Each structure stands twice: as C-alpha cells, then as structure tokens.
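Remarks on the structure that follows.
The values are calculated or read from the model by the stated rules, or taken from the named source; none is laboratory data. What you see is a predicted model; the values in this text were computed from it and never measured. Please note: Cβ atoms are built from the backbone with ideal geometry, for glycine as well, and neighbour counts cover all protein chains shown.
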Amino acid sequence: MKVCYAGYDKAGGSVSGSIEAATTAAAREQLKKQGLFVTRAENDAASATGSRSGAFKDFFGKGAKLRDVSILLRQMAVLVSTGTTVVDSLLVHERQLKPGAWRTALEDVRQRVEEGAQLSEAMGARPEYFDAVCRSLIAAGESRGKLGEMLQRLATLMRQQMRVRGALIGAMVYPCLLSCVAVAVMALMMGFVLPRFEGLFVTLGAPLPPTTQMLMSISAVVCQWWWAFLGGLIAMAVGFKLWLGSATGRRMLDIVLVRAPSIGRIVRCMAMARIARVLGVLLEGKVTLLDALALTRQSTTNCLYTALIAKAEECVTRGEPVSAAFGDASLVSTAVCEAIRAGERTGQIGPVLLTLADFMDEDNEVVIKSLTSIIEPLILIVLGIMVGFVAISMFMPLFDLAGAGGGAA
C-alpha cells in the first residue's frame, strides 16, 4: 500500500512524500534506514476515506459495515485459532453471504490472499471495509505469528463499538419518536382542526379571546403558505447537510458538541473512551506508540480530539510523555490524564487505557440512560401543555357563549 509521510532529514530540513510498504510500521522502518526522522506516516487511501467521513461516522464504517466486519473477524478468530488457513476461513464466511457489495469485497480479499498476499495487504485494497486500525493490528499479528489472537482483539473492539452505538441509538429513538409525534399533532391541529372551528366561530358570531385569535391567525398562515413552509424546511435540511459536509461546518459542529452544557460532557467522555480503547488495543497489539497514535488520530472524527492526538504525536517525537499532551482540562478529565500518567510510569499504558475505556463506557451508558429518563417525560409534558393550550383556546369561546346564553335565559 502507499504510505504518505512527513518528517525531517539529517540536515533538519522538512521532507514529505509517499512510499510503498506493507504497513505504516514497515514504512517508518524503511524511512529510518534512509536517515529520515518521520513525524507522520499514514495510508493514503485510508486518509482519503477518513477525510470524507461524516461527523457521526464510526472509524470502522457505518453500522452495516461494522456489523459485517465484526462477524467476519469473530468467525475467522475461531477458525484460525483451530488451525484453519486464512483462505479457508475467508471462504467459509463467504459462502454464508448473499450476493452484494460485501461478498464482492470479501471475494477480492480472498483472491488476493490466494495469490500470495498477506491478509493485511489484501484488506488494504478494500479500505471502505477494513480501515488502517484493522489492517495494522492484523499485520502485527501476522508478523508475530499470533493472527488468531489479533483477530480476537479486533472482534472484541468492534463488538464494544457496536454496543456503544446500540446504546446511543436506543436512547435516542424514543425521544425522537415523541418529538415527531408532537410536531405531527400540532401540524394536524393547525392545518385541519382549527379551520373547522373558524367556520363555527364565524357562524355563531362569538367574540374570540386573544389566545384563540392568535391561534386562528397562525392556522390561516399555515394553511395558505404550507408549501412555502415545506419548501423552507427542505431547503434548510439540504443546506445544513451541505454545511455539515464542509470543513468549517464540521469544525463548528464539533466545537458546539464538545462545549455544550450537559451534552458536552457526554460527548467528551465518549470521545475519550473511544480514543483510549483504540490506543490501548493497538499498544497491546505491539504497535509502536507513534504508529498507534497516528492510527488513533485517523479513527477520531472530532477535529478537537484529532488536534489533541496530533499534539501527543509531537510530544512523543520530542521525547516527552504522552500524558503531557493530554493535560487539556477542557477536553480530557483530570482522572483520565492521571491514569495515563500512571500507566506511563509503570510501563502498562495499554492495559490502563483498556481498563479506563471500560469504566468510561459503563459511566456513559448510565449517564445516557439517566438523561433519556429525564428527557422523555419532559417531551410528554411539553406535548400535553401544547395540546391543552390549543384545546382550551378553541373551547373557551364556546364556554363563554354557553355562559352568556344561560345568563340571558
């Protein structure tokens, strides 16, 4: 695969370019032999793919791809550990798949392995399914003769990622559903129910309270200009999507998510848990610290944390500890920074990061469930107040008319 690099030569001048190598670690070794001091080395295809990633896209791809690759790695881990060849392991899983893009990609990988390529190299031809983290861990397992162990590590990493994703989606489904119901109910009342009452009020000639007059005016505008409101919503949605796809839009959204009250704390904890887990798995897989940081940076979608990891790479390049870069209290909690510093002192930073990630994921799930349990009744209360306000405003003139008729009698 082609590896893009940047660094310095013996004279201190900056250099950059690309080199063909099986992994980024191999590329660093080749460049080191040429007398270059490498500060950055990453797969060209993976980098291009990462730059097109959406703000909420997972580092192993979207949900369906994540699930497909996770199942593949779990099956291969079992088969390879029992002595089955890599080609046969791929073929066993391939036979279970229906025709489609995923099966085509797997066939391509298997054919490349049959032609003599390493599994990590064959996966490099399909970066849309197998990212740099996946390929580097598999390459490390191949070089150490522990491919089955690395496949199991990857499968565990991806299962945890799926669990976090599932918890987050599950927590958002019900509040989103309630919000949609609230919008639909109000639209139905404004577009269909209130116009019927307007004809009744005109017939009766009853005086209308201010709240009723306000609702009737809003209903008239909605009924007359509904196409403009619908077009405006569509235009806003398309514009927001285009803005989100730009570098400026993504950066602003990342900053808002991280700095927002309450939600920002969850975003920061989830980002650090993900960074800690990926970095811990890479270090436990005997990937060098610089390569592990570079791969973790590629897997991070939030620009603030990408810059944080890039700063950590610079610290390591200068011979400073990683914890020196993670001292930003606005992005990393003090407890996390101290845990990383303790792991560096004991030489057990990999296990410390993995344990830290487990704790943070558990805390995040509890916080998300608690926040959801608060949001759901709030939405129901707001929906009830809105519907009740409309109902009272509509029936109040009728009550006044009935009261006036009773008094006259």
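Details
- Restricting the stretch 272-307 to residues that are among the small types (Gly, Ala, Ser) and in contact (Cβ under 8 Å) with a residue 40 or more places away in the chain, the residue that is farthest from ASP358 (Cα to Cα): ALA294
- Test set (1) modelled with pLDDT of 75 or more; (2) surrounded by fewer than 18 Cβ atoms within 10 Å (Cβ to Cβ); (3) within 26 Å of the chain's Cα centre (by Cα); (4) not basic (Lys, Arg) - GLN96 fails condition number: (3)
- Only one of the listed residues (VAL258, VAL238, VAL267) is under 23 Å from MET172 (Cβ atoms) and in contact with a Phe, Trp or Tyr (Cβ under 9 Å, 6 or more places away or on another chain). That residue is VAL258.
- Against the test of being in contact with a strand residue (DSSP E or B) (Cβ under 6 Å, 6 or more places away or on another chain), within 30 Å of ARG67 (Cα to Cα) and surrounded by 12 or more Cβ atoms within 10 Å (Cβ to Cβ), the options ALA139, ALA132 yield a single qualifying residue, ALA132.
The rows are residues; the columns are (1) part of a helix (DSSP H, G or I); (2) farther than 17 Å from ARG163 by Cβ; (3) of a type in the set (D, E, K, R); (4) touching a residue at least 60 places away in the same chain (Cβ under 8 Å).
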position	(1), (2), (3), (4)
VAL336	yes, yes, no, yes
ALA339	yes, yes, no, no
GLY343	yes, yes, no, no
PRO351	yes, yes, no, yes
ALA357	yes, no, no, yes
ASP361	yes, no, yes, yes
ASN364	yes, no, no, yes
LEU371	yes, yes, no, yes
ILE374	yes, yes, no, no
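- Some residue of the stretch 384-399 being among the aromatic types (Phe, Trp, Tyr), at pLDDT below 80 and out of contact with any helix residue (DSSP H, G or I) (no Cβ under 7 Å at 6 or more places or on another chain): yes
- Unique match (being assigned to a helix (DSSP H, G or I) and crowded, with 17+ Cβ neighbours inside 10 Å) among ARG268, ARG251: ARG268
- The residues on offer are MET150, MET158, MET172, and the sole one that is surrounded by fewer than 20 Cβ atoms within 10 Å (Cβ to Cβ) and either in contact (Cβ under 8 Å) with a residue 24 or more places away in the chain or not in a loop (DSSP other than H, G, I, E, B) (or both) is MET172.
- Annotation note: of ALA182, ALA228, ALA167, the sole residue that is aliphatic (A, V, I, L, M) and at pLDDT below 80 is ALA167.
- ARG196, sole failed condition from (1) surrounded by fewer than 14 Cβ atoms within 10 Å (Cβ to Cβ); (2) within 38 Å of the chain's Cα centre (by Cα); (3) of a type outside the set (A, V, I, L, M, F, W, C): (2)
- When the residues of the stretch 283-297 are filtered to those that are within 16 Å of VAL3 (Cβ to Cβ) and not polar (S, T, N, Q), the one that is surrounded by the most Cβ atoms within 10 Å (Cβ to Cβ) is ALA292.
- For the stretch 333-375, the candidate set comprises residues that are of a type in the set (Val, Ile, Thr) and exposed (fewer than 14 other Cβ atoms within 10 Å of the Cβ); within that set, the residue that is nearest to ILE169 (Cα to Cα) is VAL366.
- Residue selected from the stretch 231-247 under the condition outside any loop (DSSP other than H, G, I, E, B) and at pLDDT below 85, by the criterion surrounded by the most Cβ atoms within 10 Å (Cβ to Cβ): LEU244
- Taken as a whole, the stretch 95-104 holds no residue that is in a helix (DSSP H, G or I), among the small types (Gly, Ala, Ser) and within 21 Å of THR301 (Cβ to Cβ).
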